[in-house]
Every structure is written in structure tokens, then in C-alpha cells.
Amino acid sequence: QRRERDYPRSLAERSYRDALLHSPAHAGAFNNLGSLLLKMGRLEEAEQSYRSALAVNPNYPDAYSNLAKVLLDLERPKESEDCCRRALALKPDFSEGLNNLGCALRELGRLEESEQSFRKALALTPDDPMVSINLGNVLRDLGRLEEATGCLRRTLALKPDFLEAHSNLIFTLDLMER
């Protein structure tokens with residue numbers, strides 16, 4: 001039984017697929033379809049859609065960055081790192097690519113490099129709560145709890161309803177009291 005909230009997504013998916021039937025060399029449509037599939041939790045299909053976008057246009061930094069997100073969700077952080085580096089080679093001041101690189105490096109246990117990537121992303125987009133929370137989390141992982149707390153508080157100043165940031169701040173404050 002189809003849920004009502006899934007209807008707009010399935011309609012959007014059908015629209016992208018129809019567009020690709022008429023214009024199979026449309027990298028943007030493949031990229032957008034991949035983003036939709038990612039939101040729907042269909043990770044393998046999203047990966048294939050991003051790879052199709054890159055087959056059409058191998059110089060598409062957004063598709064590399066989006067593919068990196070999927071690969072991270074598929075627990076393939078080294079491949080994710082490689083995609084981020086390809087995106088950043090094409091577009092060095094790409095905050096999303098730097099943020100995704102930071103996430104991949106964190107998963108690989110390369111925390112200092114992860115921190116630097118998040119700091120570069122935050123310098124480019126200082127009001128991005130996702131970058132801010134990611135920096136706070138890696139600072140916590142590095143044991144720099146005061147800095148992590150400050151960063152997480154800044155995240156909440158940017159987005160007060162960010163439940164994950166509230167949870168991470170409570171966890172970090174708890175660590176500080178031990």
C-alpha cells in the first residue's frame with residue numbers, strides 16, 4: 001500500500017526517468033534522480049544514478065560529492081574520500097565537498113585531517129549547521145571537549161531545532177563531567 005507522502009517522490013522519480021528516456025545524456029537529471037533516490041533510502045540505485053551522471057560528465061563536482069555521501073552511507077569511506085578529492089580537484093572551494101571529505105576522513109580515523117577539512121568548509125560557509133556539527137563531533141573525538149562544546153552551541157545558535165546537535169551537546173557535556 002502506497003503511503004500518501006511517498007506519492008510526490010514517486011512522481012518526481014517517474015519524471016526524472018521520463019526525462020532521461022528523452023535525453024539520456026543529461027547529467028543533471030541523473031544527479032537529481034540520485035539525490036531523490038538517496039532521500040528515499042535506495043542507496044544502490046542512487047549510487048548508480050550518480051555514476052551515470054559522471055559517465056555523461058566526468059567533470060561534475062556535485063555528482064562526485066553526492067556519490068561520496070552515498071558511498072559513506074554504504075560504509076565505503078575510502079571510495080567516498082576518493083570521490084571527494086575528485087570533486088575538490090574540479091572545484092577547490094566547494095564547501096559540500098570539503099564537508100563530505102571531513103566525514104569520510106573521520107570514518108577512516110584520520111581525525112586531524114577531518115578537522116582541517118571541516119574548518120575549510122566552515123570558512124566558506126560559516127552559517128552551515130551541518131558543517132558546524134561535524135566539526136564539533138570531530139573535536140569531541142579528538143578529546144577537545146571545550147572546543148567541541150563551543151562548536152555545538154554555535155550549531156544550535158544557527159539552527160535551534162537541530163535535535164542531533166542538542167543530543168551531541170548533552171553527550172559532550174556529560175563527557176566533560178567525567
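Quick one: in segment 111-129, of everything that is of a type in the set (A, V, I, L, M) and surrounded by fewer than 20 Cβ atoms within 10 Å (Cβ to Cβ), which residue is nearest to residue 91 (Cα to Cα)? Break it down stepwise before answering.
First, pick out the residues of segment 111-129 that are of a type in the set (A, V, I, L, M): 111, 121-124.
Keeping just the survivors that are surrounded by fewer than 20 Cβ atoms within 10 Å (Cβ to Cβ) gives 111, 123-124.
On the way: 111: 23, 123: 15, 124: 13 Å.
Only one residue fits best here, namely 124.
Going by what's in this entry, would residue 132 be described as within 22 Å of residue 104 (Cβ to Cβ) and hydroxyl-bearing (Ser, Thr, Tyr)? Spell out how you get there, then give the answer.
Working: within 22 Å of residue 104 (Cβ to Cβ): yes; hydroxyl-bearing (Ser, Thr, Tyr): yes.
Criteria met by residue 132.
Which one is nearest to residue 110 (Cα to Cα), of the residues in segment 160-178 that are outside any helix (DSSP H, G or I) and either in contact with a His (Cβ under 9 Å, 6 or more places away or on another chain) or not hydrophobic (A, V, I, L, M, F, W, C) (or both)? I'd like the intermediate steps shown before the answer.
Residues of segment 160-178 that are outside any helix (DSSP H, G or I), as a first pass: 160-162, 178.
Now restrict to residues that are either in contact with a His (Cβ under 9 Å, 6 or more places away or on another chain) or not hydrophobic (A, V, I, L, M, F, W, C) (or both): 160-161, 178.
Details: 160: 30, 161: 30, 178: 25 Å.
Filtering first and then ranking leaves 178.
Would you call residue 140 of a type in the set (Lys, Arg) and touching a helix residue (DSSP H, G or I) at 6+ places or on another chain (Cβ under 7 Å)?
For residue 140, the condition - of a type in the set (Lys, Arg) and touching a helix residue (DSSP H, G or I) at 6+ places or on another chain (Cβ under 7 Å) - is met.
Kindly indicate which of 157, 148, 121 is modelled with pLDDT of 95 or more, under 18 Å from the mean Cα position of the chain (by Cα), part of a helix (DSSP H, G or I) and among the hydrophobic types (A, V, I, L, M, F, W, C). Full working, then the answer.
Working: 157 fails: under 18 Å from the mean Cα position of the chain (by Cα); 148 fails: under 18 Å from the mean Cα position of the chain (by Cα).
Result: 121 is the single residue among 157, 148, 121 that is modelled with pLDDT of 95 or more, under 18 Å from the mean Cα position of the chain (by Cα), part of a helix (DSSP H, G or I) and among the hydrophobic types (A, V, I, L, M, F, W, C).
Say whether the condition of being loosely packed, with under 15 Cβ neighbours inside 10 Å and either closer than 24 Å to residue 36 by Cβ or among the small types (Gly, Ala, Ser) (or both) is met by at least one residue in segment 90-108.
no
Could you check segment 27-42 and list, in sequence order, the residues that are in a helix (DSSP H, G or I) and open to solvent by less than 60 Å² (accessible area, probe 1.4 Å)?
Within segment 27-42, 27, 28, 29, 30, 31, 33, 34, 35, 36, 37, 38 qualify.
Just to be sure I understand the filter: pairs with C-beta atoms under 7 Å, separated by 6 or more residues or on different chains, first member in segment 12-37 and within 21 Å of residue 70 (Cβ to Cβ), second member surrounded by 14 or more Cβ atoms within 10 Å (Cβ to Cβ) and acidic (Asp, Glu). Which pairs pass?
What qualifies is 31/62; 33/13; 36/13; 37/45.
Take residue 24 and tell me if it is at pLDDT below 95 and outside any helix (DSSP H, G or I).
Criteria met by residue 24.
From the list 61, 77, which residue is in contact with a Lys or Arg (Cβ under 8 Å, 6 or more places away or on another chain) and either acidic (Asp, Glu) or surrounded by 15 or more Cβ atoms within 10 Å (Cβ to Cβ) (or both)?
Every option except 61 fails the conditions.
Taking only segment 43-58 into account, find how many residues are open to solvent by 30 Å² or more (accessible area, probe 1.4 Å) and under 13 Å from residue 90 (Cβ atoms).
Here the count works out to 2.
The values are calculated or read from the model by the stated rules, or taken from the named source; none is laboratory data. Owing to the predicted nature of the structure, the values given are computational and were not obtained by experimental measurement. Cβ: placed from backbone, ideal geometry, glycine included. Neighbour counts: every protein chain shown. These area figures cover heavy atoms from the full protein model, side chains too; ligands, DNA and RNA do not enter into them. Shrake-Rupley method; radii C 1.70, N 1.55, O 1.52, S 1.80 Å.
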